[in-house]
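The values are calculated or read from the model by the stated rules, or taken from the named source; none is laboratory data. Just so you know, these numbers come straight off a predicted model, no measurement behind them. Cβ placement follows ideal geometry from the backbone for every residue including glycine, while neighbour counts extend to all protein chains displayed.
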Amino acid sequence: MSTAKKQYKRVTVKSLIDMKANAEKISMLTAYDFTMAKIVDQAGVDVILVGDSASNVMAGHETTLPITLDQMIYHASGVIRGIDRSLVVVDLPFGSYQSDPKEALRSAIRIMKESGAHAIKMEGGSEIKDSTKRILKAGIPVMGHLGLTPQSIYKFGTYTVRAKEEAEAKKLKEDALLLERLGCFALVLEKVPAQLAKEVAKSLTIPVIGIGAGNGVDGQVLVLHDMLGMDHEFSPRFLRRYADLKTIMTDAFKQYNKDVKSGDFPNDKEQY
Ligand code: KIV
């Protein structure tokens, strides 16, 4: 039997559901600007998430809470200009959807209209049921996000693994089924036990994309800066580093600094 996978010219929410049905794993990475998005897209990554982790890795905030809707739209617009194939999903930032469904819809519409994104992502289950329904009813695809939801960090008090206890695991399973029933096209599960994530993925027809959720799910997502090794201080167990860009970049900056100071740069060929 052939193991060839279908080539998707453009990844859509429907392609992701097909990929799950065909047992093809889904790759997702974050990106926050044109240049990075272009590289990620051309490397064949299926989904680009304009995550509110931009608040951490781009702006240097301690949490994801401070980033605004305008800032998310700015990041997403650059990403959209860089892609040809990937599906682009944008996080609704903290404070832009929690108060009521009308505000949630207004925020989602702004993202879709002003950035050209293809879908939005929201954190939470039954608590945001009405907002999720309202956005879906307007024809905007929604990706859910359960488990460790960083916008609730002050409720959790810690970035440790979620749903280790029976009650929290039960609520997570119920929320996952609810999000699928409402019409979400995919679900991110962050930092939950691998066995629980596997059970959730099995119970759903929509794809489950994990981060720190083991290998029994339908796809994986990592934060770009983390997987490129740009910050040596952040090294959770789930993170695989695919490069050591911090060292590569530091060496390049040091060499440039040395060359400028010594007068070696620019040389005769590097001038007009
Ligand atoms: O904001 C983000 O980068 C995310 C991923 C960690 C899933 O939500």
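Among the residues of the range 244-265, the one identified as surrounded by 11 or more Cβ atoms within 10 Å (Cβ to Cβ), in a loop (DSSP other than H, G, I, E, B) and out of contact with any helix residue (DSSP H, G or I) (no Cβ under 9 Å at 6 or more places or on another chain) is Asp244. The residue of the range 158-195 that is nearest to the ligand (Cβ to nearest atom), among those that are in contact with a strand residue (DSSP E or B) (Cβ under 8 Å, 6 or more places away or on another chain) and assigned to a loop (DSSP other than H, G, I, E, B), is Lys191.
Within the range 221-233, not a single residue is farther than 25 Å from Glu62 by Cβ and not basic (Lys, Arg).
Within the range 25-60, the set of residues being in a loop (DSSP other than H, G, I, E, B) and within 12 Å of the ligand (Cβ to nearest atom) comprises Ala31, Tyr32, Gly51, Asp52, Ser53, Met58. Restricting Lys129, Lys121 to those that are modelled with pLDDT of 95 or more, closer than 19 Å to Gly219 by Cα and of a type in the set (Lys, Arg) reduces the list to Lys121. Can Met72 be described as modelled with pLDDT of 95 or more, within 13 Å of the ligand (Cβ to nearest atom) and under 21 Å from Val188 (Cβ atoms)? Criteria met by Met72. Pairs are defined by a Cβ separation below 6 Å, a sequence spacing of at least 6 or placement on different chains, a first member in the range 221-239 that is within 18 Å of Ser55 (Cα to Cα) and exposed (fewer than 15 other Cβ atoms within 10 Å of the Cβ), and a second member that is at pLDDT below 95 and among the hydroxyl-bearing types (Ser, Thr, Tyr); no pair meets this definition.
Quick one: which of Gly51, Gly44 is closer than 19 Å to Leu146 by Cα and out of contact with any helix residue (DSSP H, G or I) (no Cβ under 8 Å at 6 or more places or on another chain)? Answer to the selection: Gly51.
In the range 195-213, is there at least one residue being surrounded by fewer than 14 Cβ atoms within 10 Å (Cβ to Cβ), in the same structural domain as Ile135 (by TED's automatic domain parsing) and β-branched (Val, Ile, Thr)? Yes. Residues in the range 3-24 that are in a loop (DSSP other than H, G, I, E, B) and touching a residue at least 40 places away in the same chain (Cβ under 8 Å): Tyr8, Lys9, Arg10, Val11, Thr12. One residue stands out among those in the range 106-150 that are of a type in the set (A, V, I, L, M) and in a loop (DSSP other than H, G, I, E, B): the one that is nearest to the ligand (Cβ to nearest atom), which is Leu148. Contact map, the range 46-65: residues that are outside the structural domain of Gly116 (by TED's automatic domain parsing) paired with residues that are modelled with pLDDT of 95 or more and more than 8 Å from the ligand (Cβ to nearest atom), Cβ distance under 6 Å, separation 6+ or inter-chain. No pairs are found.
Against the condition in contact (Cβ under 8 Å) with a residue 40 or more places away in the chain, within 17 Å of Ile73 (Cβ to Cβ), in the same structural domain as Met72 (by TED's automatic domain parsing) and not in a strand (DSSP E or B), how does Ile153 come out, does it pass? Judged against the criteria, Ile153 is not a match. If the condition is being in a helix (DSSP H, G or I) and near the ligand (Cβ under 9 Å from one of its atoms), then the range 208-225 contributes only Leu224. Residues in the range 79-97 that are within 16 Å of the ligand (Cβ to nearest atom) and not in a strand (DSSP E or B) were compared, and the one that is farthest from Gly183 (Cα to Cα) is Val79. Residue pairs whose Cβ atoms lie under 8 Å apart, separated by 6 or more positions or on different chains, with the first residue in the range 184-204 and closer than 22 Å to Val90 by Cα and the second part of a loop (DSSP other than H, G, I, E, B) and of a type in the set (S, T, N, Q), are Glu190/Thr149; Lys191/Thr160.
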